[in-house]
Amino acid sequence: MPEGSRQTVSDFLDKLFQLIPEALYDVIGRILPGGIAVATVAASLDIRVRGITIGVDPGTLELLLFAVFAYATGLAISTFAHVIHFVSWFAVFPILGCGKVSERLIADLKTVTSDQNVSLNWSPLTGVRVLGLAHDSIKYRSTVERPVVIKLFAEVSLLYGLAISTAIPCFMLAGWGRYWVVPVAFLIAGLIRSLRTWYRHQSILNAIVNAPTKAA
C-alpha cells in the first residue's frame with residue numbers, strides 16, 4: 001500500500017476512534033435516561049409503544065420515533081443533570097481541598113496551559129471551568145486517556161440523569177412512597193462518581209505532565 005494511502009487510512013481510523021467515545025456519551029448519558037422517562041410516561045398514559053414491547057415484532061418507524069423521543073428527552077434530562085452537577089460543587093470542593101487534589105490539579109494545569117491565573121475556589125463557575133480545562137487538556141494530549149475521561153463524564157451524567165428519570169415514575173406511578181430511595185440512591189452515587197471524576201482527572205493530568213520526554 002502506498003505511503004499516502006496508509007496515512008489516509010490512519011487518519012480516518014484516528015478520527016473514527018475519536019468519534020466512538022462521543023457517540024457512547026450520547027448513548028450512556030442521554031438515551032438511557034430519556035428512554036426510561038419516555039417509557040414511564042407512555043405507561044402512565046396507557047400509550048402502547050410497540051417498539052419497546054417484549055414479544056411484539058417492532059416496526060422501524062416505532063423504533064425510530066422512540067429513539068428520537070428518548071434522545072430528545074434525555075437531552076432535556078441531561079440539562080437538568082448539569083444543574084445538579086453544578087450545585088454538587090459545594091459538597092465536592094471541600095473534599096478536594098482536604099485531599100490536596102485541587103492544589104495539585106491547579107499546579108499541573110498551570111504547567112500544561114501556561115496560564116498562571118488558573119485558580120479554584122468555592123464558586124461552581126470556576127469549578128466547571130477548571131474541570132473543563134483539565135478534561136480538554138487530557139483529551140488533546142493523550143489518545144489513550146481520551147476515552148477514559150469521556151467515559152467518566154458520561155457516567156456522572158448517567159447517574160444524575162437516572163436520578164431524574166427514576167423520580168418521574170416515583171411521582172407519577174407510586175406517589176411519594178418508599179420507591180424514592182431509588183432516585184436518591186442514584187443522586188448519591190452521582191455525587192460520589194463526580195468526586196471520583198475530579199480525582200481521576202488530576203491523576204491522569206499529573207501523569208501527562210510528568211511523563212518522560214523521548215530522547216531526540
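Label-to-label distance for Phe171 and Leu75 is 2.2 nm, based on points extended 7 Å past Cα in the beta-carbon direction. Extension gain for Val184 to Arg196 (0.36 nm times residue separation, less C-alpha to C-alpha distance): 2.5 nm. Subtracting the Cα-Cα distance of Val148 and Val68 from 0.36 nm times their residue separation leaves 26.1 nm of extension gain.
Mind giving me the FRET efficiency for Lys110 and His82? R0 is 41 Å, r the Cβ-Cβ distance, nearest 0.05 is fine. About 0.95, to the nearest 0.05. I'd like to know which of Leu120, Ser165, Val209 lies farthest towards the positive end of the charge dipole of region 108-216, counting +1 on Cβ of Lys and Arg and -1 on Cβ of Asp and Glu. Result: Val209. The per residue volume of the convex hull around the alpha-carbon atoms of region 60-213 is 132 Å³. Positive contributions from Lys and Arg (+1) and negative ones from Asp and Glu (-1), summed over other residues with Cβ under 15 Å from the Cβ of Ser137, come out at +3.
Values in this text are rule-based calculations from the coordinates and carry no lab data. Just so it is clear, the structure is predicted and the values come from calculations on it, not from any experiment. Using ideal geometry, Cβ is built from the backbone for each residue, glycine included, and neighbour counts are taken over all protein chains shown.
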